[in-house]
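The values are calculated or read from the model by the stated rules, or taken from the named source; none is laboratory data. The model shown is predicted, which means the values in this text are computed figures rather than measured ones. Because the Cβ atoms are built from the backbone with ideal geometry, glycine has one as well, and the counts that use them run over all protein chains shown. These accessible areas exclude ligands, DNA and RNA; they are computed on the full protein's heavy atoms, side chains included. Shrake-Rupley method; radii C 1.70, N 1.55, O 1.52, S 1.80 Å.
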Amino acid sequence: MEKETECIHAGYNPKNGEPRMIPIIQSTTFKYDTSEDMGKLFDLEANGYFYTRLQNPTNDYVANKICALEGGSAAMLTSSGQAANFYAIFNIASSGDHVVASNSIYGGTYNLFNVTMRKMGIEFTFVDPDCSIEELNAAFKENTKAVFGETIANPALTVLDIEKFALAAHEHGVPLIIDNTFATPIHCRPFEWGCDIVTHSTTKYMDGHDATVGGCIVDSGHFNWLDYPDKFPGLTAPDESYHGIVYAQKFGKAAYITKATSQLMRDLGSIPAPMNAYLLNLGLESLALRMERHASNALAAAKFLEKHKKVNWVNYPGLPSSRYYALANKYMPEGTCGVVVFGVKGGREGAEEFMKHLKLAMIATHVADARTCVLHPASSTHRQLTDKELEAGGVSGDLIRFSVGIENINDIIYDLKQALENL
C-alpha cells in the first residue's frame, strides 16, 4: 500500500463482525485458563498478553501501523519520545560502553545522553553532523555500541547525511539509530538509506493535535546482531532472566524489539495508556495530508521571512539558500517539515519582543502539530545548555523556532507581518 493508505489501514485488520476502529483494550491484565498457558508467555514460548506494563493489544496495533509506515520489521510504543530514545540506546549499551551522537539534536535528548546516561556509565562522543567521514570515523572506540542522529534536528534544522553516518556505523560494526520525528515516514524513510533503528516522539506530527504524549521505536531487522556476538551479548548470549533464551537466535528480525519489550519495558514500564495509543492512531490517519500542508505552509512562511527587512536570517531546509537544500532534496524530495527557524533584529531581546506581538501563533513548549506555535529555545527547552553547547548544536541566542501549522497560510503570514511591524 502507498503511505497515504497505510496511514488509515495498516496495523489492524478486523475480521468478520469485529470493530472497524481499533478497540481500546483498557485492561491491566488478561485471563488464562491454566497456569501452564500463562507460563508459556512468561517463558516467551507463546504469543499473547498478560500485563499491560509490558504489552497491550491497542498499543501493538498502533505500533504495527508505524512499523508499516517506516518499512520496518518490528516496533513498540513508549510513553514518550524521551523514553523511546533512552530505550533505543540502553537496549544495546550499558555501563562501560560508548555511543557516537550528532551534536545537533533536541536539547532534551542531548541532556539525556550527556548527563543522565553518563551517570549510568555510558560515554557519549558528540560530533558535528557536517564533519568529514574521517572525522566521524575518529570518534569511534572499541567499546562503541551505536551511532545516533536526527533526520532533521530540533531546532537547528540540520539535515543528517544518513548514508554517510550509516557507512561509518557499519564499518565499525554498530547500528545507526535515527530520530525521525520531524520528517516522519511520510517525507523520509531512513531504512531505505542504511539506517537500522528509528525512533519517534509521536507527541509531535504523528499525534498532531496536542492530545497525547508518546514515543515509538522501529527496528528495520537489517542489522545482524549475530555477526558481532562479543559486542552485543544482550542479544547474542543467553538471558538467564528468561531461562537462557538467545534473542537473536530465537526471534530473528524481531530480536531487538522483543528484548526491549521483555527486559526494559518489564523492568521500567514506560508504556503508554491504551487510550493514548487510540488517540495517536486518530492522528496517524491524517498524517499524510497534514505533512503535505505543513511543508507547503512552512516553505511559504520561510520565503516571506527571508525577504523581510527586520529578519536577520532564516533557516529552512526547503529554501534554495539553505546549506542543507541538497541533502533535503536527496532524502526528502517531497518536502521536509513544518518548522522554520529565524532570527530578528535585536538578538535575544528582539526575539522575545517579537513573540509578544504574535496573535495567532501560540507561545508553547511544543512543536509540530496542527496549530502554529512559537518558542525561544535558548530561554526554554535548551536553557540547561551552556552558550558553547548551544553554539555547537546550532542554537544561537536569537533563534526563534516557528512551528507552522495547517491554518490558512495567509493568516499565518499576516501574523508574522504584524508582529515584525511592531518590533
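A few notes on this one:
- Applying the criterion of being of a type in the set (Gly, Ala, Ser) and touching a Ser or Thr at 6+ places or on another chain (Cβ under 8 Å) to the residues of the stretch 362-391, the residue that is most open to solvent (accessible area, probe 1.4 Å) is Ser380.
- Against the test of being over 24 Å from Arg189 (Cβ atoms), outside the structural domain of Trp193 (by the TED database) and either among the charged types (D, E, K, R) or modelled with pLDDT under 95 (or both), the options Lys307, Lys250 yield a single qualifying residue, Lys307.
- The strands (runs of 3 or more DSSP E) falling completely within the stretch 316-418 include none with 1 or more residues that are outside the structural domain of Ala295 (by the TED database).
- Residues located in the stretch 282-302, provided they are under 15 Å from Asp369 (Cβ atoms) and of a type in the set (S, T, N, Q): Ser286, Asn297
- Looking only at residues of the stretch 91-113 that are open to solvent by 40 Å² or more (accessible area, probe 1.4 Å) and modelled with pLDDT of 95 or more, we find that the one that is nearest to Glu192 (Cα to Cα) is Ser94.
- Qualifying positions in the stretch 1-42 - open to solvent by 50 Å² or more (accessible area, probe 1.4 Å), of a type in the set (Asp, Glu) and either touching a residue at least 40 places away in the same chain (Cβ under 8 Å) or outside any helix (DSSP H, G or I) (or both): Glu2, Glu4, Glu18, Asp33
- Candidates Ala88, Ala63, Ala74, Ala83, filtered to the one that is over 30 Å from Lys31 (Cβ atoms) and crowded, with 22+ Cβ neighbours inside 10 Å: Ala88
- All of Asn422, Asn408 fail the test of being modelled with pLDDT of 95 or more and either within 21 Å of the chain's Cα centre (by Cα) or open to solvent by 30 Å² or more (accessible area, probe 1.4 Å) (or both), apart from Asn408.
- Search result, residues across the stretch 292-321 that are touching a strand residue (DSSP E or B) at 6+ places or on another chain (Cβ under 7 Å) and open to solvent by 20 Å² or more (accessible area, probe 1.4 Å): Glu306, Lys310, Asn312, Trp313, Val314, Asn315
- Those residues of the stretch 236-278 which are touching a Phe, Trp or Tyr at 6+ places or on another chain (Cβ under 8 Å), polar (S, T, N, Q) and in a helix (DSSP H, G or I), in sequence order: Thr236, Thr258, Ser262
- Count of residues meeting criterion [aliphatic (A, V, I, L, M) and touching a Ser or Thr at 6+ places or on another chain (Cβ under 7 Å)] in the stretch 228-246: 1
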